[in-house]
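Colleague: Before we start, here is the structure in question, set down as structure tokens.
The values are calculated or read from the model by the stated rules, or taken from the named source; none is laboratory data. Computed from a predicted structure; not experimentally measured. Neighbour counts run over all protein chains shown; Cβ positions are idealised from the backbone, glycine included. Side chains included, ligands, DNA and RNA excluded: accessible areas come from the protein's heavy atoms. Shrake-Rupley method; radii C 1.70, N 1.55, O 1.52, S 1.80 Å.
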Amino acid sequence: MDDLFAPVRPRTVLAEGAIWLPGFVPSEAQTLHQVIADVSARAPFRHFRTRMGPMSAAMTSCGACGWIADPSGYRYSRTDPQTSQPWPAMPDALRHLAVRAAAEAGYEGFDPSSCLINRYGPGAKMGLHQDRDEGRPEAPVVSVSLGVPARFSFGGSLRSDPKRIIDLLDGDVVVWGGPSRFAWHGVSSIRETFHQQTGAMRYNLTFRAINAALFRP
Ligand code: MD3
Ligand code: FE
């Protein structure tokens, strides 16, 4: 039964090209949790080490390529550096969800080549950054939040631009494209709370189209 007193969270244009679809993923969707379990059984979650130290969010990927980081930088790779194997294929259920969300936000024909899966435990965060390793500026990024809430900040294409803060809840989708594609954004330290399906964890799935010319082995 619907909770009559639950606040209404309508779909919202956050900035030009950025569309927030609260609860786009039905919370009963066990499929996504099963997909995360299947992908991470073959390509285990790991904390990449950057020049700044280990990242607090653990990551894995599926699709034709996956995002990787090491002290020499960030890039997309066809293989998981931890197993030397190709990343697991992107399951159709995931691809369809991303394509449907992009279309809903006005981006027809989205063809994601990668899904990055971020896992945040209590206290994990992601500092302010831009996503600019993809080489496909015309393609949007589709982000799906699962599990415990996250406080998310985003600004404009200059680091110093004013920030807007939103709370992303289980099942929320945000599509970032057009003038918002290079917005600076970050995730505040995750609070220690409990979610029925994920325990203390938050998962974020990020779908991107990547220019194959930029893939590394
Ligand atoms: C705004 N992940 O993996 S998704 C990332 O919650 C990343 O795990 C965050 O930022 C997370 O790079 C946030 C939201 C997001 C993703 C891509 C964007 C926002 C964006 C690209 C452009 C502008
Ligand atoms: Fe990002």
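Colleague: Take the conditions in contact (Cβ under 8 Å) with a residue 24 or more places away in the chain, more than 13 Å from ligand 2 (Cβ to nearest atom) and aliphatic (A, V, I, L, M) and apply them to residue 158. Does it pass?
Modeller: Working: in contact (Cβ under 8 Å) with a residue 24 or more places away in the chain: yes; more than 13 Å from ligand 2 (Cβ to nearest atom): yes; aliphatic (A, V, I, L, M): yes.
Considered against the rule, which asks whether it is in contact (Cβ under 8 Å) with a residue 24 or more places away in the chain, more than 13 Å from ligand 2 (Cβ to nearest atom) and aliphatic (A, V, I, L, M), residue 158 comes out as yes.
Colleague: Please determine, by comparing only the residues of the stretch 151-173 that are in a loop (DSSP other than H, G, I, E, B) and among the acidic types (Asp, Glu), which one is least open to solvent (accessible area, probe 1.4 Å). Explain how you work it out, then say what you get.
Modeller: First pass over the stretch 151-173, keeping only residues in a loop (DSSP other than H, G, I, E, B): 155-163, 169-172.
Subset that is among the acidic types (Asp, Glu): 161, 170, 172.
Values: 161: 42, 170: 32, 172: 1 Å².
The extreme case among them is 172.
Colleague: Is the stretch 190-213 home to any residue that is among the aromatic types (Phe, Trp, Tyr), more than 9 Å from ligand 1 (Cβ to nearest atom) and touching a residue at least 12 places away in the same chain (Cβ under 8 Å)? First the steps, then the outcome.
Modeller: Going through the stretch 190-213, the residues among the aromatic types (Phe, Trp, Tyr) turn out to be 194, 203, 207.
Filter again for more than 9 Å from ligand 1 (Cβ to nearest atom), leaving 194, 207.
Filter once more, keeping what is touching a residue at least 12 places away in the same chain (Cβ under 8 Å): 194, 207.
Yes, because at least one residue in the stretch 190-213 is among the aromatic types (Phe, Trp, Tyr), more than 9 Å from ligand 1 (Cβ to nearest atom) and touching a residue at least 12 places away in the same chain (Cβ under 8 Å).
Colleague: When the stretch 174-215 is examined, which residues are found to be within 15 Å of ligand 2 (Cβ to nearest atom), not small (Gly, Ala, Ser) and not in a loop (DSSP other than H, G, I, E, B)? Lay out the reasoning, then the answer.
Modeller: Here is the first cut: in the stretch 174-215, the residues within 15 Å of ligand 2 (Cβ to nearest atom) are 174-177, 180-188, 202-210.
Narrowing the set further to residues that are not small (Gly, Ala, Ser) leaves 174-176, 181-182, 184-185, 187, 202-208, 210.
Across the stretch 174-215, the qualifying residues are 174, 175, 176, 185, 187, 202, 203, 204, 205, 206, 207, 208.
Colleague: Which one of the conditions (1) away from ligand 2 (no atom under 15 Å from the Cβ); (2) of a type outside the set (A, V, I, L, M, F, W, C); (3) at pLDDT 95 or above does residue 143 fail to meet, given that it meets all the rest?
Modeller: Every listed condition holds for residue 143 apart from (1).
Colleague: Starting from residues that are surrounded by fewer than 18 Cβ atoms within 10 Å (Cβ to Cβ) and over 23 Å from residue 108 (Cβ atoms), keep the ones in the stretch 174-189 and report whichever is nearest to ligand 1 (Cβ to nearest atom).
Modeller: If we take residues in the stretch 174-189 being surrounded by fewer than 18 Cβ atoms within 10 Å (Cβ to Cβ) and over 23 Å from residue 108 (Cβ atoms), then 186 is nearest to ligand 1 (Cβ to nearest atom).
Colleague: Kindly establish whether residue 144 is farther than 14 Å from residue 186 by Cα, touching a residue at least 24 places away in the same chain (Cβ under 8 Å), touching a Leu at 6+ places or on another chain (Cβ under 6 Å) and β-branched (Val, Ile, Thr).
Modeller: Details: farther than 14 Å from residue 186 by Cα: yes; touching a residue at least 24 places away in the same chain (Cβ under 8 Å): yes; touching a Leu at 6+ places or on another chain (Cβ under 6 Å): yes; β-branched (Val, Ile, Thr): yes.
Answer is yes for this residue.
Colleague: Working carefully through the options 121, 106, 178, find the one that is in contact with an Asp or Glu (Cβ under 7 Å, 6 or more places away or on another chain), among the small types (Gly, Ala, Ser) and at pLDDT 95 or above.
Modeller: Values: 121 fails: in contact with an Asp or Glu (Cβ under 7 Å, 6 or more places away or on another chain); 106 fails: in contact with an Asp or Glu (Cβ under 7 Å, 6 or more places away or on another chain).
On inspection, the qualifying residue turns out to be 178.
Colleague: Okay, next question. Can you confirm whether residue 18 is within 16 Å of ligand 2 (Cβ to nearest atom) and within 19 Å of the chain's Cα centre (by Cα)?
Modeller: yes
Colleague: Do we have any residue at all in the stretch 42-52 that's in contact with a helix residue (DSSP H, G or I) (Cβ under 8 Å, 6 or more places away or on another chain) and either part of a strand (DSSP E or B) or closer than 24 Å to residue 19 by Cβ (or both)? Give the steps one after another, and end with the answer.
Modeller: Applying the first criterion (in contact with a helix residue (DSSP H, G or I) (Cβ under 8 Å, 6 or more places away or on another chain)) to the stretch 42-52 yields none.
For the stretch 42-52, residues in contact with a helix residue (DSSP H, G or I) (Cβ under 8 Å, 6 or more places away or on another chain) and either part of a strand (DSSP E or B) or closer than 24 Å to residue 19 by Cβ (or both): absent.
Colleague: Looking only at the stretch 46-66, which residues are open to solvent by less than 40 Å² (accessible area, probe 1.4 Å) and touching a strand residue (DSSP E or B) at 6+ places or on another chain (Cβ under 7 Å)? Break it down into steps so the answer makes sense when it comes.
Modeller: First, the residues of the stretch 46-66 that are open to solvent by less than 40 Å² (accessible area, probe 1.4 Å): 46, 48, 50, 53, 57-63, 65-66.
Across the stretch 46-66, the qualifying residues are 46, 48, 50, 57, 58, 59, 60, 61, 62, 63, 65, 66.
Colleague: Which one of 111, 133 is surrounded by fewer than 19 Cβ atoms within 10 Å (Cβ to Cβ), within 10 Å of ligand 1 (Cβ to nearest atom) and of a type in the set (Asp, Glu)?
Modeller: Values: 111 fails: within 10 Å of ligand 1 (Cβ to nearest atom).
Result: 133 is the single residue among 111, 133 that is surrounded by fewer than 19 Cβ atoms within 10 Å (Cβ to Cβ), within 10 Å of ligand 1 (Cβ to nearest atom) and of a type in the set (Asp, Glu).
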